[in-house]
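The values are calculated or read from the model by the stated rules, or taken from the named source; none is laboratory data. For clarity, every value in this text was computed on a predicted model and none was experimentally measured. FYI the Cβ positions are ideal-geometry reconstructions off the backbone, even for glycines, and counts take in every protein chain you see. Heads up: the accessible areas ignore ligands, DNA and RNA and are worked out on the full protein's heavy atoms, side chains in. Shrake-Rupley method; radii C 1.70, N 1.55, O 1.52, S 1.80 Å.
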Amino acid sequence: MTVERVLPTGDAHDLLDLVRDLIGKEVAPRAAADEAAGRFPREVFTTLGRAGLLGLPYPEEHGGAAQPYEVYLQVIEELAAGWLAVGLGLSVHTLSCFPVAAYGTAEQRAALLPGMLGGESLGAYCLSEPQSGSDAAALTTRAVPGSDGYTVDGVKAWITHGGAADFYTLMARTSADGARGISCFHVPAGTEGLSFGPPERKMGMKSSPTAQVRFDGVRLAPEALLGSEGEGFRIAMAALDGGRLGIAACAVGVAQAAFETATAYAAERRQFGSRIIDFQGVGFMLADMATQIAAARALYLDAARLRDAGRPYGTRAAMAKLFATDMCMKVTTDAVQVLGGYGYVEDFPVERLMREAKVLQIVEGTNQVQRLVIGRALAKEAGDAGR
């Protein structure tokens, strides 16, 4: 069943029609087989780029489509419903492009963005480390300044597209001054001293490579720096606000796919002489799924519209990521239950969707961290009101 969407322009409706056509022809038909084989669909991202989908929220002057975030995120949702590795991959790529687009010089944007947004280059975002995940400001990868640029040493962990990306957006320490000592860099694949660990063996998302990225005396020219020295942590957090909305949209897409499978199955499966969808126990479960999906979609779109209006949206993004990914885990689990034994086998997609849902509660800030972000914002608001 097609989701009924309220979009701001006729062009946005045409864009979503294009996306659904691409999903039907290029994405969904290969998802199950490629996931089972652990094949990374690099060529799909080239196709998306040539269709103008890798640069949706970025300016037209550098090859983007200048679409509002509320449209971009609904594209992400549709892609994730067809294949999470592609929807989340597009979200990560968009996250990786953000520092160049928002903080790069005019020369950096002109040199880098056309390839990034046109499908020729796929990005990866290097923030987390083996001992520095939720506490991102504790990262230890160092970029030591010198007369001719920087020398980078360290290891990044849990990097989506690690070993498969064409460029790496790196957060590294340029001084010992805590969060204020972190800077942001653009690192092309193939740079000497850059290497990768083997892909992680994961519960789900097997076709999306996740690996350590290792920097061993990597030499970077001065122009690899994005923004100013010491500005990297602020850049990283600004990027993650938008990235969390991408994860929320992915979660809604995965949940929608599971719900549609469960509903179709329940309408066909007969027990005791009736369709199981007509039994109150199943019908109420499906009603809850539909309601939770609609609520999560409304929440991420509300945050996106705040962003599009230039208003603060970080707390709302944390709420959207938290609610949508917890919802996705519940909906996919319930979808497996609706299908019963068939839900537990690979002949139906819900077992894969349930395994994929779990990672969305973890990536780009665990849901415990999202609660911390929201709680701190509430405490600050209450403190400000009391003054």
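Name every residue in the range 350-381 that is within 24 Å of Val331 (Cα to Cα) and β-branched (Val, Ile, Thr), in order of residue number.
Val350, Val359, Ile362, Val363, Thr366, Val369, Ile374
State the number of residues belonging to the range 38-51 that are more than 18 Å from the chain's Cα centre (by Cα) and not in a helix (DSSP H, G or I). Steps first, answer last, please.
Taking the range 38-51 as the starting set, the residues that turn out to be more than 18 Å from the chain's Cα centre (by Cα) are 38-39, 43, 47, 50-51.
Narrowing further to those that are not in a helix (DSSP H, G or I): 38-39, 51.
So the count comes out to 3.
Can you name the condition, by its number, that Val144 falls short on among (1) open to solvent by 60 Å² or more (accessible area, probe 1.4 Å); (2) modelled with pLDDT under 95?
Evaluating Val144 over (1) open to solvent by 60 Å² or more (accessible area, probe 1.4 Å); (2) modelled with pLDDT under 95 leaves (2) as the failure.
I'd like to verify a number: residues in the range 230-242 that are surrounded by fewer than 21 Cβ atoms within 10 Å (Cβ to Cβ) and in contact with a Leu (Cβ under 6 Å, 6 or more places away or on another chain), how many?
Applying the first criterion (surrounded by fewer than 21 Cβ atoms within 10 Å (Cβ to Cβ)) to the range 230-242 yields 230-231, 234, 237-238.
Next, only the ones that are in contact with a Leu (Cβ under 6 Å, 6 or more places away or on another chain) stay: none.
Going through the range 230-242 one residue at a time, the tally reaches 0.
Somewhere in the range 40-61, is a residue open to solvent by less than 20 Å² (accessible area, probe 1.4 Å) and charged (D, E, K, R)?
No, the range 40-61 has no match at all.
Given the criteria farther than 26 Å from Arg352 by Cα, over 20 Å from the mean Cα position of the chain (by Cα) and either among the aliphatic types (A, V, I, L, M) or in a helix (DSSP H, G or I) (or both), does Glu70 qualify?
Values: farther than 26 Å from Arg352 by Cα: yes; over 20 Å from the mean Cα position of the chain (by Cα): no; either among the aliphatic types (A, V, I, L, M) or in a helix (DSSP H, G or I) (or both): yes.
No; evaluated as a whole, the condition is false for this residue.
Considering every residue within the range 198-214, establish whether at least one is over 21 Å from the mean Cα position of the chain (by Cα) and open to solvent by less than 20 Å² (accessible area, probe 1.4 Å). First the steps, then the outcome.
Narrowing the range 198-214 to residues over 21 Å from the mean Cα position of the chain (by Cα): 198, 214.
Okay, now just the ones that are also open to solvent by less than 20 Å² (accessible area, probe 1.4 Å), so none.
No, every residue in the range 198-214 fails to be over 21 Å from the mean Cα position of the chain (by Cα) and open to solvent by less than 20 Å² (accessible area, probe 1.4 Å).
Applying the selection to the range 243-269, what residues are open to solvent by 50 Å² or more (accessible area, probe 1.4 Å) and either closer than 20 Å to Gln370 by Cα or touching a helix residue (DSSP H, G or I) at 6+ places or on another chain (Cβ under 7 Å) (or both)?
Passing the criteria: only Arg269.
Being of a type in the set (Gly, Ala, Ser), crowded, with 17+ Cβ neighbours inside 10 Å and at pLDDT 95 or above is true for just one of Gly273, Gly227. Which residue is that? Step through it out loud before you land on a result.
Working: Gly273 fails: crowded, with 17+ Cβ neighbours inside 10 Å.
Just a single option satisfies the conditions, and that option is Gly227.
Within the range 96-108, how many residues turn out to be among the β-branched types (Val, Ile, Thr) and outside any helix (DSSP H, G or I)?
Within the range 96-108, the first condition is being among the β-branched types (Val, Ile, Thr), and the residues that meet it are 100, 105.
Filter again for outside any helix (DSSP H, G or I), leaving 105.
The qualifying residues number 1.
Pick from the range 111-141 the residues that are open to solvent by 60 Å² or more (accessible area, probe 1.4 Å) and without any contact (Cβ under 8 Å) to a residue 40 or more places away in the chain: which of them is farthest from Pro188 (Cα to Cα)? Lay out the reasoning, then the answer.
From the range 111-141, those open to solvent by 60 Å² or more (accessible area, probe 1.4 Å) are 111, 114, 120, 130-131, 134-135, 140; that's our starting set.
When the remaining residues are screened for being without any contact (Cβ under 8 Å) to a residue 40 or more places away in the chain, the result is 111, 131, 135, 140.
Values: Ala111: 13, Gln131: 25, Asp135: 26, Thr140: 21 Å.
Per the criteria, the residue is Asp135.
How about the range 148-194: which of its residues are open to solvent by 10 Å² or more (accessible area, probe 1.4 Å), farther than 21 Å from Met116 by Cα and either without any contact (Cβ under 8 Å) to a residue 24 or more places away in the chain or small (Gly, Ala, Ser) (or both)?
Scanning the range 148-194 gives Gly154, Ser175, Ala176, Gly178, Ala179, Gly193.
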